[in-house]
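Working notes for the structure below.
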Amino acid sequence: QVQLVESGGGLVQPGGSLRLSCAASGIISSFYAMGWYRQAPEKQRELVAVITSGGIGNSADSVKGRFTIFRDNAKNTVYLQMNSLKPEDTAVYYCNAKRAKYDYWGQGTQVTVSS
C-alpha cells in the first residue's frame, strides 16, 4: 500500500519559515517525480514545486526564490523549504508522486501565514 505522509505545517507569522516533509512508503520515491501542490479556500489546487527523479527541481513563479524542493532518497522523503512566507501562501499543501500511470497523493498539511 502506497502512503505519502506530509508533516511540518502550522501557523507562522509573515516573513517566517517552515519546512514541510513528505515521507513515502510502498514506493521508491527516487523513481518518481515528486511534487508539492497547494489549495487555498475556494481556489483550485495549484502546483508549487516539483523535483524529477533525476533531482532537477522547479517551482511556480509565485514562490520562486522563496521555496525550495529537495529530496533525501535514503530517507524516501521529499521536503519543501518555505522562506519569507506571505499570507497568500496560506493553504493546504499536498505531496504528490507521479510516474507513468501511477499518481499518488498525500492527505495534506495546513499552512497558515498570519500575524
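Name the residues in region 74-115 that are open to solvent by 80 Å² or more (accessible area, probe 1.4 Å) and polar (S, T, N, Q), would you? Of everything in region 74-115, those that are open to solvent by 80 Å² or more (accessible area, probe 1.4 Å) and polar (S, T, N, Q) turn out to be Gln107, Gln110, Ser115.
Tallying residues that are under 12 Å from Gln110 (Cα atoms) and surrounded by 21 or more Cβ atoms within 10 Å (Cβ to Cβ) within region 2-17 yields 1. For beta carbons closer than 7 Å, sequence separation of 6+ or different chains, a first residue in region 86-115 that is under 17 Å from Ser29 (Cβ atoms) and a second that is open to solvent by 70 Å² or more (accessible area, probe 1.4 Å) and modelled with pLDDT under 95, the qualifying pairs are Arg99/Phe31. Residues in region 92-114 that are at pLDDT 95 or above and at positive phi: Gly108 only. Considered as a group, the residues in region 47-70 that are at pLDDT below 95 and touching a helix residue (DSSP H, G or I) at 6+ places or on another chain (Cβ under 9 Å) include one that is surrounded by the fewest Cβ atoms within 10 Å (Cβ to Cβ), and that residue is Gly55.
Among residues of region 1-32 being touching a residue at least 60 places away in the same chain (Cβ under 8 Å), within 12 Å of the chain's Cα centre (by Cα) and not in a loop (DSSP other than H, G, I, E, B), the one that is nearest to Lys101 (Cα to Cα) is Leu4.
The values are calculated or read from the model by the stated rules, or taken from the named source; none is laboratory data. If you're wondering where the values come from, they're calculated on a predicted model, not measured in any experiment. When we count neighbours, we look across all protein chains shown, and the Cβ atoms used for this are built from the backbone with ideal geometry, even at glycine. For accessibility, only protein heavy atoms count, side chains too; no ligands or nucleic acids. Shrake-Rupley method; radii C 1.70, N 1.55, O 1.52, S 1.80 Å.
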